[in-house]
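Report on the structure given below.
The values are calculated or read from the model by the stated rules, or taken from the named source; none is laboratory data. Since this is a predicted model, take the numbers as computed values, not measurements. Neighbour counts are summed over all protein chains in view; Cβ atoms, including those assigned to glycine, are modelled from backbone coordinates with ideal geometry.
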């Protein structure tokens, strides 16, 4: 063996190692160009699947069928809040090298940490309920399977995809990215097939209106289905293993790429959510406003827009259910490891989070109703990671020069206050307390 060969570092073998090495070259200025930006695509793409999960299908179908295009502005607002908080989550992981759950455990009082973990686990279980049920409903409708059989297939496929996590971060990013592309293409097809009133879409996307109390509950569900607690935890962890900036300049460049990815990935997710409402409004609002269930939507789409539209709808639902179930399990692992400091085998985590879905089906609870309720639970749990992100990312002892500026901090506080306010209104509505100025 020659001296030169003995001192040269080994060539990275896995796609994840090659990606990390290439990211390091970009950060150090050795590599530039449009292709370099693609290296940074991944964390926000994975997080974005949380914004296109089956809970979104359920709430968006109800919004479009019941109120036409009226609640589109809620989707736009929720997506803007999501962009801000996902960017803060990514920044927290990049700057501190820790994820949100780990920082909670290392900096907050122990009783508060246990309480936050409990709330976050409930949110993770509600997330898995929605995602697992969504994939099972899609398989059941597409192939005529019993719902329990669809759940079994979803479980097997989800676990098979999770096995790729052992190969590093990049294979999982590519798989989830491909499923995101499938969902986006499906709704692009739906936009072509549906008779859309584009002038009404443009108006209601920027004009806030709240017709009645039911619309308010659906709006809170939309926010719960869009700004997801587990995605806020997960994004801060996804940035940890990809690259290690050596100084403030490299960290600043990494943040710039991260923010661009957040905007692009969540813009796609926002457009998909808007497309869900638009499709439901175009197909169901006039003449079929009672449509509120995924199965009913599928069966109603066939005579209205044709078998192709109904089939594409189910393909997107299955892709959403499988991919978001994978991401939900990843987030659950990260939350447990961060808050309590230990991991459990991925199959155990998957089994635990599947049990509620099987119980719901066994008890005969309407699956779409369970999906909508799960989104309300998520909205109630959402302030926990939102407030933690606001507090941590403004602290200069943690973030140094990357602490939130006055404008970003004000926007983050406003977003958190808005969600807290909506949650309070939802609780008043749940307990039958009348809401002044809002018709029932």
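Here are some notes:
- Counting only helices (runs of 4 or more DSSP H) wholly contained in the range 1-77, the ones carrying 3 or more residues that are surrounded by fewer than 24 Cβ atoms within 10 Å (Cβ to Cβ) and modelled with pLDDT of 80 or more occupy 15-27, 34-38.
- Wholly within the range 191-257, helices (runs of 4 or more DSSP H) carrying at least 2 residues that are free of Cβ contacts under 8 Å to residues at least 40 places away in the same chain: 198-206
- Conditions (1) in contact with a helix residue (DSSP H, G or I) (Cβ under 8 Å, 6 or more places away or on another chain); (2) more than 19 Å from residue 52 (Cα to Cα); number of the one not met by residue 166: (1)
- Within the range 328-353, tally of residues that are in contact with a helix residue (DSSP H, G or I) (Cβ under 6 Å, 6 or more places away or on another chain), touching a residue at least 40 places away in the same chain (Cβ under 8 Å) and buried (at least 19 other Cβ atoms within 10 Å of the Cβ): 10
Residues checked against (1) crowded, with 17+ Cβ neighbours inside 10 Å; (2) under 18 Å from residue 100 (Cβ atoms); (3) without any contact (Cβ under 8 Å) to a residue 24 or more places away in the chain; (4) more than 21 Å from the chain's Cα centre (by Cα):
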site: 384; (1), (2), (3), (4): yes, yes, no, no
site: 388; (1), (2), (3), (4): yes, yes, no, no
site: 403; (1), (2), (3), (4): yes, yes, yes, yes
site: 406; (1), (2), (3), (4): no, no, yes, yes
site: 409; (1), (2), (3), (4): no, yes, yes, yes
site: 414; (1), (2), (3), (4): no, no, yes, no
site: 421; (1), (2), (3), (4): no, no, yes, yes
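- Residues in the range 259-283 that are under 16 Å from residue 177 (Cβ atoms) and either surrounded by 21 or more Cβ atoms within 10 Å (Cβ to Cβ) or in contact with a strand residue (DSSP E or B) (Cβ under 6 Å, 6 or more places away or on another chain) (or both): 6 in all.
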